[in-house]
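For reference, the structure is listed below as structure tokens.
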Amino acid sequence: MDSVCPVSSTDPRLPEIDVLTTPKGAPDTEGDASHHTRWTHRGWLVAGAAAVTAGLLGAIRIWLPSVMHVHGDAGSTPAVQLGLFALAWFLVPLLIAPTVRRVDARLLWRVAIGVAVLARLGLQFTDGGPPQLYLAGLCVVGGSVALVALAAGGPSGHLARVGVVLGLGIETVFHATLGTVDLVWREGVVTVLSVLVIAAGTVAIAERASRVPLWWPSPLDADGAVSAVWTRGAAWPWLAVGPAIALYGVLVSPPSRLELAVGIGIQGAVALLAVATAAAVVAAAVGPVLGAPVAGTLGAVLVVLAAVGAVRPIGVGSAVGQLALPVAIGFVLGAPGTTPGDSGPRRRGTAAAGSLLLFLVIGFGYYAAYELPLPVANQTFLVAAAIGLGSIGVAAARDGRAVRRVDHVPLRGLVGAAAGLVLLGVVGAVAVPTTTPTASATATSTDLRVAAYNIHMGYDVDGRFDVAGLGDAIRSTRADVVVLNEVDRGWLLEGGHDLLRLLRDETGMPATFAPAADDVWGNAILSRHPLRDVRTVALPSGGAAMRRSFVSAVVRTPGGDLAVVGTHLHHVEEDRTVRSIQARAVAAEVSRLRSRGLPVAVLGDLSAAADAPELEPLDFLDDAVPGGAPTYPSDDPRVRLDHVLVTPGVTASDAVIGDSTASDHLPVSVTLTLPGSEPG
């Protein structure tokens, strides 16, 4: 599509020109235009697009949670206001796109990458707060504008889109290899050196890519007379980039989805993601070789089927969809190949910028549905994105008969890149840190120490992802059983971390997950003692958009069995009726467990003070921390939302409200002595 080709093949004045070969008599910006040089040009173009795309998705992983936890002020800012704030950043590339007819695309490319790289270096030395938010925003803007420059002025749109697929794969596998804790959230000399090396590599690759001949304006445009010769392709294929990033970020990248679906562990998930993303690169590269009708149709059908499978409840079907989705995206982005016609640099740049705006709409709609009562389910936004990508594939298939020539794709280099992705996945599968804690009932004390902790998706009060701080706070409780709320296992909105696995490894305590809002967000129990009869039950929503649940389990202790019910009630302060309905459901579970002769403890963020009217259904329970200090917000506590309630007969002692800003809540811990047991 975006190849340089003659306007009229019958005009003897217009020679056939290879997209990445300097024409005879034209300035040769790279010296010898040999076969080797042409291959080198193509490789640098793909590598440049890959570096920019990987950096952009990585920046989005930092920027989105910064919007939520810094600008969003710990969730108190309305979702619509957050969406408008985010929109402002994505309007910048859309406003810049029309300038590419007057600004050299190479210059725009270089400036944008410089801004993104400098902002990313600055991020490594921030401590959260507004500096983190605005530097992350500059990273996103810089990466977005670089893609606009590439779409508008790059010499081969097909190779650039192959690079986009490669970049998405690199970032996905690297993120998983790091155990989902990206470098920005790490400290130490090795981390800083790694960031510097990546930044220097990105700049070097981007600079080499900018030297590929025939960027807009072409070197042959000096006299202003022959610019019509150079066709750069249509704009519409660039509309696929934003939806592709959204689907990768939400459905493909989280290794936890594969872990939960087929129980393969983080190592197996990394390896499978590497193979799938490598196959996607090959699919994008060979699309024109297969022919647009074949590649476009295959991509269109596969991307919709894969997305529908991936959004299903987590299981084998969702895992198949997750692994097939990158391959489908590869076919869609590669299918247009090289077709005649030219939309012009302004339209191509605008299409790329518009696609990134589509990313924001898809992402905002998907996650806003957890907070706002939208008329459609949140999965609808992802399926719509897949259908949009499918339409790109269909368009490529319809135009396939008009293809004049196929870009000379550097297949050997791309096969090498795909093999490199697989190798990275293999290395990552071996190197990713993980442990397998096992429950132990060897303690001799008849007392059981329990704790409740809302961990705020892993972010501290300054908006920094802080697993180590959470681990310290949990260890300080000295608890044998910890109920966790707001446990995120892969939301792109929160950076795509598997927080429960990270905390399991950090504390050495076995973990049990209980989905609530969806399959990768909810509550959890850490327990040093064996659990049995574990069940997760959805709470009535009462019309609220966010789904809630409770998890109940029986803890086997030396002093006897204790039933634990962990929950997080509806969080909107004014919606007391919703909390009252949910409190009744929790009370019913307590009654069920008591009917079995079990003592019961209810732990969690009840989103209200213990004496709030909506918690009246739980009044038959005793407050294990009577008159306790407030727990929220952690940097200036004013109200106690986090509770430990017990059935009569359970004796509570040594209650402690923690002192940590690793979350916006403080942990609550207490020692329980079961009926008939002597204090240990």
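The values are calculated or read from the model by the stated rules, or taken from the named source; none is laboratory data. Because the structure is predicted, anything quoted here is derived from the model rather than measured. FYI the Cβ positions are ideal-geometry reconstructions off the backbone, even for glycines, and counts take in every protein chain you see. For accessibility, only protein heavy atoms count, side chains too; no ligands or nucleic acids. Shrake-Rupley method; radii C 1.70, N 1.55, O 1.52, S 1.80 Å.
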Segments classed as helices (runs of 4 or more DSSP H), wholly inside region 231-329, with at least 3 members that are modelled with pLDDT under 95 and closer than 29 Å to residue 501 by Cβ:
255-262, 265-290
I'd like the residue in region 525-544 that is part of a loop (DSSP other than H, G, I, E, B) and open to solvent by 30 Å² or more (accessible area, probe 1.4 Å) and, out of all such residues, is nearest to residue 621 (Cα to Cα).
540
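Residues checked against (1) over 15 Å from residue 177 (Cα atoms); (2) open to solvent by 20 Å² or more (accessible area, probe 1.4 Å):
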| position | (1), (2) |
| --- | --- |
| 245 | yes, no |
| 248 | yes, no |
| 256 | no, no |
| 298 | yes, yes |
| 303 | yes, no |
| 310 | yes, no |
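If you go through region 68-99 one residue at a time, how many are of a type in the set (A, V, I, L, M, F, W, C) and within 18 Å of residue 116 (Cβ to Cβ)?
The total comes to 10.
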Odd one out for residue 88, checked against (1) open to solvent by 50 Å² or more (accessible area, probe 1.4 Å); (2) over 30 Å from residue 372 (Cβ atoms); (3) not basic (Lys, Arg):
(2)
Would it be correct to say that residue 567 is within 25 Å of residue 371 (Cβ to Cβ) and touching a Phe, Trp or Tyr at 6+ places or on another chain (Cβ under 6 Å)?
yes
Determine whether region 54-71 contains at least one residue that is out of contact with any Phe, Trp or Tyr (no Cβ under 8 Å at 6 or more places or on another chain), open to solvent by less than 10 Å² (accessible area, probe 1.4 Å) and modelled with pLDDT under 95.
no
Considering only residues that are within 27 Å of the chain's Cα centre (by Cα) and under 18 Å from residue 487 (Cβ atoms), which ones fall in region 656-666?
660, 662, 663, 664, 665, 666
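Return the only residue of 613, 675, 626, 648 being over 29 Å from residue 470 (Cα atoms) and at pLDDT below 95.
Result of the check over 613, 675, 626, 648: 675.
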From the options 493, 499, residue that is in contact with a Phe, Trp or Tyr (Cβ under 7 Å, 6 or more places away or on another chain) and touching a residue at least 40 places away in the same chain (Cβ under 8 Å)
493
I'd like to know if region 101-123 contains one or more residues that are open to solvent by less than 20 Å² (accessible area, probe 1.4 Å), in a helix (DSSP H, G or I) and either at pLDDT below 95 or touching a Lys or Arg at 6+ places or on another chain (Cβ under 7 Å) (or both).
yes
Can you run down the residue pairs with Cβ atoms below 6 Å, 6 or more apart or on separate chains, where the first is in region 447-465 and under 26 Å from residue 599 (Cβ atoms) and the partner is among the small types (Gly, Ala, Ser) and surrounded by fewer than 24 Cβ atoms within 10 Å (Cβ to Cβ)?
447/680
